[in-house]
1. Can you name every residue in segment A:24-48 that is more than 19 Å from A:Phe104 (Cβ to Cβ), out of contact with any Asp or Glu (no Cβ under 7 Å at 6 or more places or on another chain) and either of a type in the set (A, V, I, L, M, F, W, C) or open to solvent by 80 Å² or more (accessible area, probe 1.4 Å) (or both)?
2. Please identify the pairs in which a residue from segment A:35-59 that is free of Cβ contacts under 8 Å to residues at least 24 places away in the same chain and hydroxyl-bearing (Ser, Thr, Tyr) has its Cβ atom under 8 Å from the Cβ atom of a residue that is in a loop (DSSP other than H, G, I, E, B) and open to solvent by less than 60 Å² (accessible area, probe 1.4 Å), counting only partners at least 6 apart or on another chain.
3. Sort out which residues of segment B:128-149 are in contact (Cβ under 8 Å) with a residue 24 or more places away in the chain and assigned to a loop (DSSP other than H, G, I, E, B), and write them in order of number.
4. For segment B:165-188, give me each residue that is acidic (Asp, Glu) and either over 18 Å from A:Tyr3 (Cα atoms) or more than 9 Å from chain A (Cβ to nearest Cβ) (or both).
5. Is it fair to say A:Val7 is assigned to a helix (DSSP H, G or I), modelled with pLDDT of 95 or more and surrounded by 12 or more Cβ atoms within 10 Å (Cβ to Cβ)?
6. Has segment A:47-55 got at least one residue that is away from every other protein chain (no Cβ under 14 Å), in a strand (DSSP E or B) and more than 28 Å from B:Arg167 (Cα to Cα)?
7. I'd like to check something: does segment A:62-69 contain any residue that is away from every other protein chain (no Cβ under 14 Å) and in a loop (DSSP other than H, G, I, E, B)?
Amino acid sequence: MKYLALVYYQESQVNAMSEQEWHDLNQQCIGCVEGLVEKGKYLAGQALHPTDTATTLRMRNGELLISDGPFAETREQLAGFYLLDAQDLNEAIQLASKIPPARFGSVEIRPVRELPPKDPV
Amino acid sequence: MPDDPLTSAPDIHRQLDQLYRQHSRQVLATLIRLLGSFELAEDALQEAFAQAARHWPQQGIPAQPLAWLISAGRFRTIDRLRKQKHETALPPREVEQLIESPETTGDEVITDDLLRLIFTCCHPGLGREAQLALTLREVCGLTTEQIASILLQKPATLAQRIVRAKRKIRDAAIPYEVPEQRELPERLQAVLQVIYLVFSEGYACSSGEQLLDVQLSAEAIRLARQLVQLLLATEAMGLLALLLLQDSRRETRLDAEGDLITLEQQDRSRWDQAQIHEGQAWLERALKQGHAGIYTLQAAIAALHAEAATPDATDWGQILGLYDHLHHQLPTAVVALNRAVALAMHRGPEAGLVALRALAAEGQLQDYHLFHAAVADLYRRNDQLDLAMQAYQQALALCEQEPERRYLKKRLEQCRFQQVRDDKRYQNKGLDR
């Protein structure tokens, strides 16, 4: 099964980090990815720039509406994601518990939904 | 079970009923593993018993009835899936796997399956309310209507919650397994909490008229007993002991009008001695095994109450010591409150009031009616009736359960009566002088 692990934290908390702390966190994330790759559990992943770089769009009545920033104001902001290959939810939890920001932010685990087969032409 | 073809049909139906009551959950638990789905397993369970009702009167009861039922349920389901292969909700690949999967239905597997079912229903990925509803539905086999009425919820809301929980188990692939040794202590805590919740829901419904629901506490004891049989963990034994000891007082907790009777005033001769003995025996085993946790400690406290022939004979010193340990492991306001009451019983009301005032200063308990009731009770014992009445009023303002409200009102009246009497006595003395 594929699971998407969405990593959230308070950007303010990360902004308050010293340069060294930020450097260490990034190195830990690199280490985490290496560990997942070694186990053959890593399918994809990426860290994201902060939410002040985000752009939100909507299509309404054929019209494209674009706005600055994320769609919703939340306590924690999306900071990155991992696509994991795990046998079941327990394994996904166990793998995601190693994601470094889990220690101060949170990680939401979502099972990937496969789309139904394409309609015959 | 007799394997006698001459056994009469009504007799077989009676035995089948009994088999359903006692073992349908085990059959279900194994079918969930074999079919990989709660929904398919539930249908299979009904089909298996329907088949038995049809065939057993002619063929006699098979030598291994549970294995027969499991096999029949599995076979019928796979047969049905094979026929509707193209219309089924399951992806074709999974149907193939199901059809090819080997059949294993030894007795030892069946008991493991029940554990799998319990741990799956109490998986931390499900919310506490979903865990509770799912456990009552799948492990206890109660109907959605029964659970809704017990938990004071609309049947539709409850049904929705159970459907959602099952969907999450399926879509997020919550595994149908007993946790590994490494995770077991933590996962067991969730199971114990749910069982305790089942018991306390039955012991005192959170609001409304009825305070006792005998059936539900019996269900919880049955669950705890099953868990202990499957898994000899200290805290599982501690929980079973605690439930048995608390339940031994069930008959004496309410008077004929349905009003609460405090531990102090209960008729101890009517406590269920058989339950007390069994509770004590499980407690001893738990204590011998070591690593006493919150349930074993609470059971030890309950046992000390059960062992006291009269309220005065209660070993409050030891109870206080146990509360200290409990508070160390479970530092909640409620435990602190009970500890303060034990302190008052051991060293006098003044000491208890000092501890309660310290708790109030922390500001955790102001909205909790039992806190004010405890304060009131200690003032009353200390002959500070004005303060006692004030605290009873505060407790009443916060309390929603009708029997407890009646109890508090009764106490308040007693204080008023005592005060008037004391005043008269004082006036009479004044006249004498």
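1. Those that are more than 19 Å from A:Phe104 (Cβ to Cβ), out of contact with any Asp or Glu (no Cβ under 7 Å at 6 or more places or on another chain) and either of a type in the set (A, V, I, L, M, F, W, C) or open to solvent by 80 Å² or more (accessible area, probe 1.4 Å) (or both): A:Glu34, A:Leu36, A:Val37, A:Glu38, A:Lys39, A:Ala44, A:Gln46.
2. As it stands, the answer is A:Thr55/A:Gly69; A:Thr56/A:Gly69; A:Thr56/A:Pro70, since those pairs meet every condition given.
3. So the first thing to find is which residues in segment B:128-149 are in contact (Cβ under 8 Å) with a residue 24 or more places away in the chain, and the list is B:128-142.
Scanning segment B:128-149 gives B:Cys140, B:Gly141, B:Leu142.
4. As a first pass, look at segment B:165-188 and keep what is acidic (Asp, Glu): B:171, B:177, B:180, B:183, B:186.
B:Glu177, B:Glu180, B:Glu183, B:Glu186, listed by residue number.
5. On the way: assigned to a helix (DSSP H, G or I): no; modelled with pLDDT of 95 or more: yes; surrounded by 12 or more Cβ atoms within 10 Å (Cβ to Cβ): yes.
So A:Val7 fails the test.
6. In the first step, residues of segment A:47-55 are kept if they are away from every other protein chain (no Cβ under 14 Å); the result is A:47-55.
Then drop every residue that is not in a strand (DSSP E or B), which leaves A:47, A:55.
This time we only want the ones that are more than 28 Å from B:Arg167 (Cα to Cα), so: A:47, A:55.
Checking segment A:47-55: at least one residue is away from every other protein chain (no Cβ under 14 Å), in a strand (DSSP E or B) and more than 28 Å from B:Arg167 (Cα to Cα).
7. Let us first name the residues in segment A:62-69 that are away from every other protein chain (no Cβ under 14 Å), namely A:62-69.
Now drop any that are not in a loop (DSSP other than H, G, I, E, B), which leaves A:62, A:69.
Within segment A:62-69 (the criterion being away from every other protein chain (no Cβ under 14 Å) and in a loop (DSSP other than H, G, I, E, B)), the answer is yes, since at least one residue qualifies.
Condition check ((1) modelled with pLDDT of 95 or more; (2) not in a helix (DSSP H, G or I)) across all residues:
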residue	(1), (2)
B:Ala309	no, yes
B:Leu320	yes, no
B:His325	yes, no
B:Val334	no, no
B:Leu343	yes, no
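The values are calculated or read from the model by the stated rules, or taken from the named source; none is laboratory data. None of these values were measured; they are calculated from a predicted model. Here the Cβ is made from the backbone with ideal geometry for all residues, glycine too, and neighbour counts use every protein chain on show. To get the accessible areas, we keep the full protein, side chains included, count just its heavy atoms, and leave off ligands, DNA and RNA. Shrake-Rupley method; radii C 1.70, N 1.55, O 1.52, S 1.80 Å.
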